[in-house]
1. Restricting to region 184-225, and then to whatever is polar (S, T, N, Q) and under 26 Å from Pro167 (Cα atoms), can you tell me which residue is most open to solvent (accessible area, probe 1.4 Å)?
2. Counting just the residues of region 506-530 that are part of a loop (DSSP other than H, G, I, E, B) and modelled with pLDDT of 90 or more, which one comes out most open to solvent (accessible area, probe 1.4 Å)?
3. Please give the number of the condition Ala65 fails out of (1) more than 46 Å from the chain's Cα centre (by Cα); (2) open to solvent by 80 Å² or more (accessible area, probe 1.4 Å).
4. Filter the strands (runs of 3 or more DSSP E) completely within region 398-505 down to those with at least 1 residues that are in contact with a Phe, Trp or Tyr (Cβ under 6 Å, 6 or more places away or on another chain).
5. Tally the residues that are under 24 Å from Glu434 (Cα atoms), in a strand (DSSP E or B) and either touching a Gly at 6+ places or on another chain (Cβ under 8 Å) or open to solvent by 40 Å² or more (accessible area, probe 1.4 Å) (or both), restricting the search to region 312-341.
6. Quick check, is Glu577 under 27 Å from Val669 (Cα atoms), open to solvent by 50 Å² or more (accessible area, probe 1.4 Å) and modelled with pLDDT under 90?
7. When Cys32 is evaluated against the numbered criteria (1) more than 30 Å from Gly159 (Cα to Cα); (2) open to solvent by less than 80 Å² (accessible area, probe 1.4 Å); (3) in contact with a strand residue (DSSP E or B) (Cβ under 7 Å, 6 or more places away or on another chain), which criterion, by number, is the only one it fails?
8. Quick check on this structure: which one of Leu44, Leu31, Leu4 is among the aliphatic types (A, V, I, L, M) and assigned to a helix (DSSP H, G or I)?
Amino acid sequence: FEVLYNSQETDQFGQEGQLFPFVPANNPYNLCNPNQPNGIDCGLAIDEYLDNPNIQQQWINYYGATAAQFRDLGVANVFPGAIGPVQTRPVVSVRGDRNNFAVDLEQIRAVVGFRPDLPMINFGDVTNWSAEAYVSYSRSDGESVRRGVREDRIDLALGAYSTTNTPCENDVGADLRADAVAGCVPVNMYAPSLYDVSNGAGDFATQAERDYLFDDRIMDTAYEQIVVNAFATGDLMQLPAGTMSGAFGLEYRYDDLDSTPNAVAGDGLLWGFFSELGGVGDRTTKEVFAEVDIPLLANLPLATELTMNLSARFTDDEFYGNNTTESAKIGWRPTEEMLIRATWGTAFRAPNLRELFLGGSTGFTNVSDPCYIPEAAIDALTGGYNPENDQREPQVFGNCAAQGVDATLANNDGFNTFSVEVAQGGSLELDPEESESWTLGFAYEQPFFNDFDLRFGMTYYEIEVTNTVIAPSAGFIVADCLLDESGNGQSAFCSRITRDLSDPTDPRITNIGLGFINRDQEVARGIDYNLTFEDQFSIGKTPVDFGFDITANRTLERSTLFTNADGSVDQEDFTGEFGFPDYNVILTARFEWDRWGATWQTQYLSSVEQDIDEVDPFDNVAGASDTCGLNGEATLCRDVGFADSWQVSTASVRYNADNWILSAGVRNVFNEQPPKVDGSEVLSINNLPIGVGYFQGLVGRNFFINASYSFGGTGS
C-alpha cells in the first residue's frame, strides 16, 4: 500500500497591470472638464500646444510647415478650438492591482494492492502465472486567488451609469450587483498619488477608494479519480524457438471534475479580466487488454532471433462507446550484432474532462488585424491610403475580402491592434483522437574490435493522427485565416472570427471563438539516426572513459489538414519552415576520469524558410520590403523570412565527492546569436525568431554552477 499527502502554497507577485478606464466628460475630477475647479478646456489646450515655438519647429522639420499654415490651407481638425467637457482615458498602474496570484493545493493519493502467485493455473505448458491487482484513489483540491480592481465598481465610482456623470449614481438602471452599489466611493483618477511611481506603481488617493474598488477573484477546483486495475501474466506454451508468454487484464477508471468560480471570476468583474465559468462533469471508462510475446525462430542461420509481440485493448467510454486499439512489434536478429525491428500500432484517446466540460468563459486579448491599413501606407497629411507604401502580402487582400472587408478602406490611423473579446469552453461534440503509426529500423553493434564499442541505428517513422483535439489561440486563428497563402479565405478558422461590418472603414473584430476543435489530420514522418562510440585510454596511470553520441532527426513531413464546412481542404506542410528544420542534430561528448567528469554538447539546426508560397521576390526598389536580403543593399531587398543553419554549444565539468557533487559550465559557449528575421513575416521577439532550438541564442552566453549534498549516504 501507499499513501501520499501533499500540501502546497504558492504566492506569485509580478508587475502591476495597466488600468485605463474611461472618465466621463462631466466627472467632477476630469481634467478635461472646464466646469470643475481644476479642469480645463482641452481643445484650447491643444491650440496653445500647437502654437508653442518648439512644437512649430518640429512640425516644420517633419511636415515642412507649421500646424497654423496647414490650417490656413484648409486642412481640417488641426486646431480643435473650444470643445467643452470631453471624455478622457488616463493610463495608470495601481499598487497591488492584479499582480498577485496565490494558489493553495492539497493532494491525497492512496493505493492498495497485492501480487499473488497463481499456482492453480498449471496445466501442460501453461505455468508460472502470477497476478497484480490494485485500487487507487486520488483527489486534488485547489484554490486560486487573484486580487485587483473591479471594473463594475470603478465605472460606478466614475459616474459611467449616471446621465449627469455623477459618481456612484445609477439613474440609467444598469443591472449592477448589490455588492458593487453598497459602499460606493467617488474615485479621482487624476489624483497625484496615482502618478507617483517612485515605488513602481501609483495608488489611489484614499484608503476608502482602495477598500471599495479591490476584490478577490477565486477559483475552487476539485479533481477526483478512482482506478481499479488487475492483470495476470505467465507462460502459455512452448514453441521450438522458446516460450510464448502472455498477459491479460482489465481496468476501470472514474474521473470527476468540479471547478467552481466565485462571482468575481464567474462574471469577469476584475478590470480587463475574462469570465471563468469553471466546469463540472464526470466520466467512467472500462478497458480489457491482452498481450503476447511469440518467439518465432532462434539459433538458426540468418535468424539468431525472431520474435513478435502482439497486443490489443478494448475500451468502453461513457461518452464515446466501444473502441479497439492494436499493435504489433517484430524484432529480427540475422546475426547477434544486427537487430532489424518494425512496429505498427493504433491508439485512441477520448477528450479529457476539461475538453468536455470546461464552462464557457470570455475575456479580452490584444489582436493585430492585418486587414487594417498599416501606418506606413497612410498619408501623413491627408490621412488617406497610399498604396505605394503598402507592404502587405497580396493574399491578405483576398482573405480580407472573403470576410467582407476592403483592406484598402479599413483605417484606424495606422494602428491595427485591438482588444478583442475571446470565448472558449468545452464541447461534448468533440470526436476522440485516433492514430496509426509504424516504424522500420535497425541497430548494429560492431563486432570486430574489442578496444572500443561502436553502435549505430536508424529508424523510419510515420505517425498519422486524426481528430486531434486542439485549442487554437486568437493570434493563430487570425494569422491562419488572414495570412493564408490561398488568398480566398479558405482557412477552417475563418468561421471563428466575428466582425462588425456596419462601417467599411472600421470593420472591427468583435469576437473570436477559442473553443476546442478537432483537427482532421496531422502527419509526422521522418528518420531518426543514432551513433554511440565508447572507449578508454590513460593519462599517466589514470584511466579516462571517453564517449560520444550523435542523435539526428530528419523531418520528411510535418503537415496538418482541415476540411472546411464547404468541403474545401486546407492543408499545410511545415517541413523546412521555422520550428521544423529538415535536420536537427545533437552531438554529446563525455569524459570521465577518477572523480571528474566533463561534457560538451553541440546542437545543429539546418536552414529554414517561411512557407514557400509566402516568400517575397527580391526587389531593386529601396523600401519595397521591411528588411533587405544581403548586406542591407537596396538592390537586393526582400523581407527576411528565412534563416541560415545555426548551432549552439554547451560545456560543463563535474566533481563527485563521497557526499557531494559540484558542477559548473557555460551555455552558448561562443555566444552565438540566432539569425535576425523580419518580425512581420516570422514570429519573433526583437527580430529574433521564436522556435525549436533558438532559445539559448535569445538569452546569450550564460554561466551556471550547481551543488548538491547527500545526507547519510554516498553522493550520486
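The values are calculated or read from the model by the stated rules, or taken from the named source; none is laboratory data. On a predicted model such as this, the values are computed, not experimentally measured, just so you know. Here the Cβ positions follow ideal geometry from the backbone for every residue, glycine too, while neighbour counts run over all protein chains shown. All accessible areas refer to the heavy atoms of the entire protein, side chains included, with ligands and DNA or RNA removed. Shrake-Rupley method; radii C 1.70, N 1.55, O 1.52, S 1.80 Å.
1. Of the residues in region 184-225, the ones polar (S, T, N, Q) are 188, 193, 198-199, 206-207, 221, 225.
Those left that are additionally under 26 Å from Pro167 (Cα atoms): 188, 193, 206-207.
Working: Asn188: 34, Ser193: 42, Thr206: 61, Gln207: 113 Å².
Out of the qualifying residues, it is Gln207.
2. We begin by selecting, within region 506-530, every residue part of a loop (DSSP other than H, G, I, E, B); these are 506-508, 514-516.
Keeping just the survivors that are modelled with pLDDT of 90 or more gives 506-508.
Values: Asp506: 47, Pro507: 3, Arg508: 77 Å².
Taking the candidates together, the pick is Arg508.
3. Only one criterion in (1) more than 46 Å from the chain's Cα centre (by Cα); (2) open to solvent by 80 Å² or more (accessible area, probe 1.4 Å) is unmet by Ala65, namely (2).
4. On the way: elements: 417-424, 433-445, 452-470, 497-499.
The strands (runs of 3 or more DSSP E) meeting that bar are 417-424, 433-445, 452-470.
5. Step one: list which residues in region 312-341 are under 24 Å from Glu434 (Cα atoms), which gives 312-330, 341.
The next check asks that each one be in a strand (DSSP E or B); those that pass are 312-317, 321-330, 341.
Retained after the next criterion (residues that are either touching a Gly at 6+ places or on another chain (Cβ under 8 Å) or open to solvent by 40 Å² or more (accessible area, probe 1.4 Å) (or both)): 312-314, 316, 322, 324-330, 341.
The number of residues fulfilling the criteria is 13.
6. Details: under 27 Å from Val669 (Cα atoms): yes; open to solvent by 50 Å² or more (accessible area, probe 1.4 Å): no; modelled with pLDDT under 90: yes.
For Glu577, the condition - under 27 Å from Val669 (Cα atoms), open to solvent by 50 Å² or more (accessible area, probe 1.4 Å) and modelled with pLDDT under 90 - is not met.
7. In the conditions (1) more than 30 Å from Gly159 (Cα to Cα); (2) open to solvent by less than 80 Å² (accessible area, probe 1.4 Å); (3) in contact with a strand residue (DSSP E or B) (Cβ under 7 Å, 6 or more places away or on another chain), Cys32 misses (1) alone.
8. Details: Leu31 fails: assigned to a helix (DSSP H, G or I); Leu4 fails: assigned to a helix (DSSP H, G or I).
Unique residue meeting the criteria: Leu44.
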